[in-house]
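Shown next, in structure tokens, is the structure this report addresses.
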Amino acid sequence: MEQPVRLLLPVDGSAFTKRALDFLLDRLTWWREPPRVDLLHVEPPVGTALARSYLSREVLDSYYAEQSERVLAPAQAALQGAGLDVLVHRQVGEASRRIVEFSLEHQNDLIVMGSHGHTALGSVALGSVATKVLASCRVPVLIVR
């Protein structure tokens, strides 16, 4: 029996993330079997290392979990509502690097991501995270604008 396609959908809560999610949901017929979706949120580290040294691990973990849940919950609900097998992942760090590492570690077949995130400028053709993922990833990447 053939394994379902394993997609990676990085999410940051931006409008472009929503477009990538909608794009994916509108094209579920592209696959014979419903794809398995790894839903990934990468939260940037709080402040500087010095600032983080003043916060307890519990406080930091709670903050990161809260921020990730706020972003992940709507996407997870939409994907599960469409009957998809969804695995939720939370990481902290530099988004493009974490996305590339994750896709290789989890053997994703395709990354579906928005062209821009929260920090993107409207006049830029492609956001910095999307550009870095395209430049350094061996996994095919589908960019949704």
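We did not get these values from a lab; they are worked out from the coordinates using the rules stated. Bear in mind that the values here come from a model prediction, so they are computed numbers and not experimental data. Quick reminder, even Gly has a Cβ in these numbers, built from the backbone with ideal geometry, and neighbours come from all protein chains shown.
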Report summary line: Other residues with Cβ under 11 Å from the Cβ of His116 give, with Lys and Arg +1 and Asp and Glu -1, a net charge of +1
**Report entry** Which of Ser53, Ser68, Ser136 has the fewest Cβ neighbours within 10 Å, and the rest in rising order
**Finding:** Ser53, Ser136, Ser68
Query raised in the report: Each label point is 7 Å from the Cα along the Cα-to-Cβ direction; what then is the distance between the points at Leu55 and Asp109, in nm?
Result: 3.8 nm
Requested in this report: Starting from the coordinates of the alpha-carbon atoms of the chain, obtain the Kirkwood hydrodynamic radius over all distinct pairs and give the value in Å to one decimal.
Outcome: 15.8 Å
Report task. Run the numbers on the chain and let me know its relative contact order in percent, using alpha-carbon pairs under 8 Å that are six or more apart. Result -> 34 percent
